[in-house]
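What follows is a short report on a single structure.
The values are calculated or read from the model by the stated rules, or taken from the named source; none is laboratory data. On a predicted model such as this, the values are computed, not experimentally measured, just so you know. Cβ placement follows ideal geometry from the backbone for every residue including glycine, while neighbour counts extend to all protein chains displayed. Just the protein is used for accessible areas: all its heavy atoms, side chains included, with ligands, DNA and RNA removed. Shrake-Rupley method; radii C 1.70, N 1.55, O 1.52, S 1.80 Å.
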Amino acid sequence: MNRREFLASAAFAGTTVLAGCGSLSSQSTRAPPLVENRPDATYRPTHAEGMGMAGMAQAGEYMVGLSYSFPHRFWTVTGTTAEKVDIRSEDSVHLMATIWDPETEMVLPVSAGLSITIERDGETVADKSPWPMISQNMGFHYGDNYALDGDGVYQLSVRVNGMGERRLGGFDGRFGEAGEATVEFDFAQSTRDQLSFEEFPDSQGERGAVDLMNMDMVPTSQVPEVSALPGTVLGTDKGSDGVYAVTWVQDAAFLSDGESYLAVSARTPYNRVPLPMMSLDGSVEADGETVFDDALTAGVHPELGYHYGAVVETATQEPSVGVDVVAPPQVSRHEGYETAFLTTPSFSFSGG
């Protein structure tokens, strides 16, 4: 069994007013029934919910924005299987954390994750790590449903772990250490109920996506347009509805003489939300010889964004590149993404 077969079969561990808790019994049934015969692709969900800010603070080198919405149904992913998480009767809010670089405002998917502790009057109300997840209108974030204890002021303490991803360019030497921050969340039942809730009866289930939400204080989690990627773009391809753009970088400060950089930028269709926490293999042929055949490493770079890449010891300008998706994004999904990005396609690209 090769690496691709083994990993694909393995289990992977996988500016609105403040809002509070509404009637739990009504909120648990508020989500419309799921679309029948959903496509194995990105589709328009049954509804979209508004989002409010709970607080923002700097945690070491990271900026952290905490927002919330109504409790959500969502799907966790293990390997190539998505499993639905239903709204519980005790759930009060869907709490979300967005992590970004304060200098470039790039949202940072941190595979090591983060933890959130919620306290009120010195007592711990909740202490758990939210899931890395993607949402059509909320982009990439860390989120989960949390049960709170009525109206009042809560202390939300966040610990962001150090990044294990490769950091390149202006990110070199940064984000290696954990950061911590605490914000106060003034939670009120009436304000949570004022968040928007829009249904799409005429378009639900169709191929497409709702727009990303614009929030003044929190940046949008998008990778660059293909045309804006540095280097020579060898092409794009689609598999399991994800869009894979491959670029060949030769003029970068982090490269030595005789080296090039292969980068694969994986994103959702429509909104260009990054698809993190995948396993990819790559191969490169130059002048008829294989000069690279190995795993690609997740990395961040101010111009490439979040991507998967490898330094290749060749200066060729016209490589032939193969990319194998060994495991799809091990991130949870909100409705509209739960049937997409679950297979392991392969692609080939040529600069010649």
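Examine segment 164-180 for a residue that is under 27 Å from residue 90 (Cβ atoms) and part of a strand (DSSP E or B), and state whether such a residue exists.
We begin by selecting, within segment 164-180, every residue under 27 Å from residue 90 (Cβ atoms); these are none.
Looking for residues that are under 27 Å from residue 90 (Cβ atoms) and part of a strand (DSSP E or B), one finds none in segment 164-180, hence no.
Which ones in segment 175-230 are open to solvent by less than 60 Å² (accessible area, probe 1.4 Å) and of a type in the set (S, T, N, Q)? Give the derivation first.
First, pick out the residues of segment 175-230 that are open to solvent by less than 60 Å² (accessible area, probe 1.4 Å): 175-176, 178-179, 181, 183, 185, 187-188, 191-192, 195, 197, 200, 203, 205, 208-210, 212-213, 215, 218-221, 223-224, 226, 229-230.
Correct list: 191, 203, 220, 221.
On the basis of being of a type in the set (S, T, N, Q), at pLDDT 95 or above and either under 26 Å from residue 347 (Cβ atoms) or out of contact with any Cys (no Cβ under 8 Å at 6 or more places or on another chain) (or both), does residue 214 make the cut? The answer is no for residue 214.
Every residue, every condition in (1) part of a strand (DSSP E or B); (2) crowded, with 22+ Cβ neighbours inside 10 Å; (3) modelled with pLDDT of 95 or more, yes or no:
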residue	(1), (2), (3)
303	no, no, yes
307	yes, yes, yes
322	yes, no, yes
330	no, no, yes
336	no, yes, yes
340	no, yes, yes
347	yes, no, yes
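Given the residues 96, 53, which is the only one that is hydrophobic (A, V, I, L, M, F, W, C), surrounded by 17 or more Cβ atoms within 10 Å (Cβ to Cβ) and under 17 Å from the mean Cα position of the chain (by Cα)?
Values: 53 fails: under 17 Å from the mean Cα position of the chain (by Cα).
Unique residue meeting the criteria: 96.
Quick one: would you say residue 197 is on the phi > 0 side of the Ramachandran plot, among the aromatic types (Phe, Trp, Tyr) and out of contact with any Ser or Thr (no Cβ under 8 Å at 6 or more places or on another chain)?
Values: on the phi > 0 side of the Ramachandran plot: no; among the aromatic types (Phe, Trp, Tyr): yes; out of contact with any Ser or Thr (no Cβ under 8 Å at 6 or more places or on another chain): yes.
Here the answer is no, as residue 197 does not meet what is asked.
If you go through segment 142-166 and keep only what is open to solvent by 30 Å² or more (accessible area, probe 1.4 Å), closer than 22 Å to residue 58 by Cα and over 17 Å from the mean Cα position of the chain (by Cα), you end up with 153, 155, 157, 159.
Being open to solvent by 60 Å² or more (accessible area, probe 1.4 Å), more than 20 Å from residue 56 (Cβ to Cβ), at pLDDT below 95 and in a loop (DSSP other than H, G, I, E, B) holds for only one residue in 89, 111, and it is 89. The residues on offer are 34, 18, and the sole one that is in a loop (DSSP other than H, G, I, E, B), open to solvent by 30 Å² or more (accessible area, probe 1.4 Å), aliphatic (A, V, I, L, M) and modelled with pLDDT under 95 is 18. Of everything listed in (1) in contact with a Pro (Cβ under 8 Å, 6 or more places away or on another chain); (2) open to solvent by 20 Å² or more (accessible area, probe 1.4 Å), the single unmet condition for residue 292 is (1). Residues in segment 250-289 that are closer than 17 Å to residue 349 by Cα, touching a Gly at 6+ places or on another chain (Cβ under 9 Å) and open to solvent by less than 10 Å² (accessible area, probe 1.4 Å): 9 in all. Is it fair to say residue 297 is modelled with pLDDT of 95 or more, part of a strand (DSSP E or B), polar (S, T, N, Q) and open to solvent by 10 Å² or more (accessible area, probe 1.4 Å)? For residue 297, the condition - modelled with pLDDT of 95 or more, part of a strand (DSSP E or B), polar (S, T, N, Q) and open to solvent by 10 Å² or more (accessible area, probe 1.4 Å) - is met.
Scanning segment 66-86 for residues that are part of a strand (DSSP E or B), within 28 Å of residue 191 (Cβ to Cβ) and out of contact with any Asp or Glu (no Cβ under 9 Å at 6 or more places or on another chain) gives 66, 67, 68.
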